[in-house]
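Novice: Input: one structure, supplied below.
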Amino acid sequence: MKFRTPEMTPIVYNARGLKMFLHLRGTALQHCWLRVLLVGLIGVPLVLLKHFDVFDLSIGVTAHTLIGFVMSLMLVFRTNSCYERWRDGRVLLGQLVNRSRNLVLNACVLLSGDATKVEFFRRKIQSLAAAYVFAVKNNLQFLPSAANLDELLTDTDFAFLTSQADLKTMPQMCALWLEQAINQAFLEDLVSERMTFLMMEGVSSMVDAWGSLQRIRDTPTPFAYAHHIRVFNLMYCFTMPFALLTPMGYVSPAASMLIAFALFGLEDTAIEIEEPFGTDPNDLPVQQICRRIAVVTHETVQFANIFKQQVRVPGTPGRPHFF
């Protein structure tokens, strides 16, 4: 199974290696280097003015020492809340993976009867489950609603689905069609009522996961909180050279830049992981996860008949026995 849409390459790293020190892609330095440089440029003329006894603009370190603890706590809370969003997004994507796989497994095992009909509904359920996952991905990333779906559905199904749904309703339409396929299999007497209810619950849990993913995407950090931290952080770092001028002298610009990098880096790291469904290096590999679902479920249907022949009950050639 091949997909034309390019995949975002996640960062693979060794946390114990020294190469991380030289790694630039996906780091906070890409976003905050200009502000860090400005802090240093503020400090250089202050040192020169004091050195030539023109002006001494130092303000002392007492205020920055007291405020620094509060500033650090605010940034830690900001980073932790954004990481929780990132982590919750990965957990929900994992639930989507498990439930879609289980749904296709149930379709491969529980459907029995006319071989042609069973094969048709297995493939229908698998293709719609994979299409649902990609429709959720497109919805989360605000991509065209039909992206990748033409590679999963037949031409007829793809034309019908794209004519009936847009970006906002495509996942719901896929889920509706998926449940209709399961119900039609029940009406064709290919699956029992109890197992039909079990498979319907699987589809409902996939829809629940989509709703939770939307909640993460549509509920950013409150503006007042993000704005206050940004303004407070800028004021604190841009006045740092004035505070370090007397105690650190000629190295105050470099020391100010180091502190600014630490504080600006924490804030930019939080902003980087706040929206986990994009295509930035630190975002979740949503495309790869969806592709893995499509490939695994497709292979499951392909090998279902092969494995079914291996578990026959002696004396009952028409009925499989499941352990």
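Novice: Test A129 against the criterion of being touching a residue at least 12 places away in the same chain (Cβ under 8 Å), open to solvent by less than 10 Å² (accessible area, probe 1.4 Å) and at negative phi, and give yes or no.
Specialist: Yes; evaluated as a whole, the condition is true for this residue.
Novice: If you don't mind, there's one more thing I want to ask. Just for the range 211-239: of the residues that are among the polar types (S, T, N, Q) and more than 15 Å from E267 (Cβ to Cβ), which one is most open to solvent (accessible area, probe 1.4 Å)?
Specialist: My answer is T219.
Novice: Checking the structure you have, find out if any residue of the range 132-145 is over 22 Å from P10 (Cα atoms), open to solvent by 30 Å² or more (accessible area, probe 1.4 Å) and either touching a Leu at 6+ places or on another chain (Cβ under 9 Å) or of a type in the set (F, W, Y) (or both).
Specialist: Within the range 132-145, one or more residues are over 22 Å from P10 (Cα atoms), open to solvent by 30 Å² or more (accessible area, probe 1.4 Å) and either touching a Leu at 6+ places or on another chain (Cβ under 9 Å) or of a type in the set (F, W, Y) (or both).
Novice: Can you list the helices (runs of 4 or more DSSP H) lying wholly within the range 133-239 that have 3 or more residues being within 22 Å of the chain's Cα centre (by Cα)?
Specialist: The helices (runs of 4 or more DSSP H) meeting that bar are 170-187, 193-218.
Novice: Which condition breaks for T269 when tested against (1) hydroxyl-bearing (S, T, Y); (2) crowded, with 17+ Cβ neighbours inside 10 Å; (3) touching a Gly at 6+ places or on another chain (Cβ under 9 Å)?
Specialist: It fails just one condition, (3).
Novice: Filter the range 55-85 down to the residues that are open to solvent by less than 80 Å² (accessible area, probe 1.4 Å), over 22 Å from P220 (Cβ atoms) and either of a type in the set (A, V, I, L, M) or under 42 Å from the mean Cα position of the chain (by Cα) (or both) and list them by number.
Specialist: Those that are open to solvent by less than 80 Å² (accessible area, probe 1.4 Å), over 22 Å from P220 (Cβ atoms) and either of a type in the set (A, V, I, L, M) or under 42 Å from the mean Cα position of the chain (by Cα) (or both): L57, V61, A63, H64, I67, G68, V70, S72.
Novice: Continuing with this model, one more query. Check A260 against each of (1) open to solvent by less than 80 Å² (accessible area, probe 1.4 Å); (2) modelled with pLDDT under 95 and name the one condition it does not meet.
Specialist: Status for A260: all satisfied but (2).
Novice: Return yes when I67 is outside any helix (DSSP H, G or I), at pLDDT below 95 and either in contact with a Cys (Cβ under 9 Å, 6 or more places away or on another chain) or not small (G, A, S) (or both) and no when it is not.
Specialist: When the stated conditions are applied, I67 does not pass them.
Novice: Oh, and also: Based on this model, can you work out whether V97 counts as at pLDDT below 95 and under 17 Å from R291 (Cα atoms)?
Specialist: It is true that V97 is at pLDDT below 95 and under 17 Å from R291 (Cα atoms).
Novice: From (1) surrounded by fewer than 17 Cβ atoms within 10 Å (Cβ to Cβ); (2) modelled with pLDDT of 95 or more, pick out the condition that doesn't hold for T116.
Specialist: (2)
Novice: Could you list all residues from the range 151-193 that are surrounded by fewer than 17 Cβ atoms within 10 Å (Cβ to Cβ), at pLDDT 80 or above and over 15 Å from Y132 (Cβ atoms)?
Specialist: Listed by number, the residues that qualify are D155, T156, A159, N183, Q184, L187, E188, D189, S192, E193.
Novice: Under 6 Å between Cβ atoms, at least 6 apart or on separate chains: pull out the pairs that start in the range 151-172 with a residue that is closer than 13 Å to S127 by Cβ and end on any residue that is at pLDDT 80 or above and open to solvent by 50 Å² or more (accessible area, probe 1.4 Å).
Specialist: The qualifying pairs are F158/D150.
Novice: Tell me, yes or no, whether the range 31-53 has at least one residue that is open to solvent by 40 Å² or more (accessible area, probe 1.4 Å) and not in a helix (DSSP H, G or I).
Specialist: The answer is yes; a qualifying residue exists.
The values are calculated or read from the model by the stated rules, or taken from the named source; none is laboratory data. Note that the structure is a prediction, hence the values are computed from the model and not measured. Glycine also receives a Cβ, built like all others from the backbone with ideal geometry; neighbour counts cover every protein chain displayed. Side chains included, ligands, DNA and RNA excluded: accessible areas come from the protein's heavy atoms. Shrake-Rupley method; radii C 1.70, N 1.55, O 1.52, S 1.80 Å.
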